[in-house]
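Q: Just passing along the structure, written as structure tokens.
What follows draws every value from the coordinates through simple rules; no lab data is involved. Worth saying up front: this structure is predicted, and the values here are computed from it rather than measured. For neighbour counting, all protein chains shown are included, and Cβ atoms are generated from backbone atoms with ideal geometry for every residue, glycine included.
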Amino acid sequence: MTVASRLREARVRRLFDGMVTVLTEAIAAGGSSISDYVDAEGRKGFFQFSHRVYQRTGEPCVNCGTAIRRVLVAQRSSHFCPKCQKPQVQ
Ligand SMILES: [Zn+2]
């Protein structure tokens, strides 16, 4: 994990492009119905089946097989692969 304000421009662009890609896919899938989320017409989304780390603590990373870890960040759960998402020091 890296503090966003320390990212160089090329990495900010890459992060932004990734966010747009994931959000576009999530919206197309109707969102993530993890607890009680439904759309305005009461339909559940199905993007939760595409999550690669969220709520997959202990399960293997789809990229490298390392167990997914969970940490608290500002009192919220954050899930990540400790091998693919190594902390970056800049
Ligand atoms: Zn991984």
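Q: Taking Cα centroids, how far is segment 48-86 from segment 1-46 in Å?
A: Segment 48-86 and segment 1-46 have Cα centres spaced 15 Å from each other.
Q: Another question, if that's okay. What angle do you read, to the nearest 10 degrees and between 0 and 90, between the alpha-carbon axis of helix 9-28 and the longest principal axis of the chain?
A: So the helix axis and the longest Cα principal axis differ by about 10 degrees.
Q: May I ask you to compute the full-extension gain from Val20 to Ile34, defined as 0.36 nm times their residue separation minus their alpha-carbon distance, rounded to one decimal in nm?
A: On the way: separation 14, 0.36 × 14 = 5.04 nm, distance 2.09 nm.
Stretched fully, the Val20-Ile34 segment lengthens by 2.9 nm.
Q: Now for a separate question. For the chain, with a Gaussian network of springs between Cα atoms less than 10 Å apart, report the residue from Ala28, Ala40, Ala67 with the top mean-square fluctuation.
A: The residue that fluctuates most here is Ala40.
Q: Counting other Cβ atoms within 10 Å, which trypsin sites (Lys or Arg not before Pro) in the chain have at most 10 and lie in a DSSP loop? Spell out each step's value before the answer.
A: On the way: sites: Arg6, Arg8, Arg11, Arg13, Arg14, Arg43, Lys44, Arg52, Arg56, Arg69, Arg70, Arg76, Lys83; in loops: Arg8, Arg43, Lys44, Arg52, Arg56, Lys83.
Taking the chain and a limit of 10 other Cβ atoms within 10 Å, the loop trypsin sites (Lys or Arg not before Pro) found are Arg8.
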